[in-house]
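Input: a single structure, listed below in structure tokens.
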């Protein structure tokens, strides 16, 4: 099986063209390839396939084998994958995901390869009440936001270098979130600039999360901390995110990179 390892702001996945290399057991394969000691090393596996309702289809499997409905960094990398490999010549694409169809705008660089992708993440949904959650003996007040997958966003007045590692798993698996949740700790560090750290359900701490950045921007906008487009800065780098409260939609723009390609035997 041929594969391509790609990353968006350090959020790395193994990408496989499932039309050429059908995967019978993506759960087991994701666990295998994600292992950073005995596998390729990644936050999960993304399968690229044909679609009856969009240009392409994306399926996302986390490092623990669980299937995710949406991945923002993954969607950007899929856009780069299909364009750079000549599977499409278009720079406006539709992508079928578990959370619905998403629209991608691809931006070629000077070398003709895609360097940046804008993803219309579609509508978002917010729980109307501030959620109070107790985990590991500590109480957190956060905003529950869905951008195709569930997020719990906690804002504070400073960065959270240690808390996300200590409380992330407990918050992810809290009974309040029956499908588990991605967890973001964030703070406003300058006008229009948010610092965020993320714990992704099924993968743990990652360097970046596209849907998490979008959920954080939505929460910040509703809190009045930002207005219009903002920058969400994560361990892996920055994403530009626009929360349109009138339309109830969110859009993000960021980089996508190919790390390396290879082949592996699949039993």
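Read-outs throughout are calculated quantities, based only on the coordinates presented, and are distinct from any laboratory measurement. Being a predicted model, the structure only gives us computed values, none of them experimental.
For the chain, what's the relative contact order in percent, using C-alpha pairs closer than 8 Å and at least 6 residues apart?
Relative CO of the chain lands at 20 percent.
What base-10 log of the normalised intensity I(q)/I(0) is obtained for region 153-267 from the Debye formula, alpha carbons as equal point scatterers, at q = 0.18 Å⁻¹? One equal scatterer on each Cα of region 153-267 leads to -0.90.
Distance between the C-alpha centres of region 79-124 and region 132-154: 30 Å, rounded to the whole angstrom. Across region 125-247, the mean sequence separation of Cα contacts (distance under 8 Å, 6 or more residues apart), normalised by length, yields a relative contact order of 20 percent.
What is the Cα centroid distance between region 27-76 and region 204-264, reported in whole angstrom? The two parts, judged by their Cα centres, are 19 Å apart. Dividing the alpha-carbon radius of gyration of the chain by the rule-of-thumb value 2.2 N^0.38 Å gives 0.96. Summed over qualifying helices (DSSP H, 4 residues or more, each -39500 (n - 2.57)) and divided by its residue number, the chain shows a 222 nm mean residue ellipticity of -5000 deg cm²/dmol. Its relative contact order, with pairs defined as Cα atoms under 8 Å and 6+ residues apart, puts region 15-123 at 20 percent. Helix 163-172 and the long axis of the chain differ in direction by around 80°, with both axes built from C-alpha atoms. Rounded to the nearest 10 degrees, the inclination of helix 72-84 to the longest alpha-carbon principal axis of the chain is 20 degrees.
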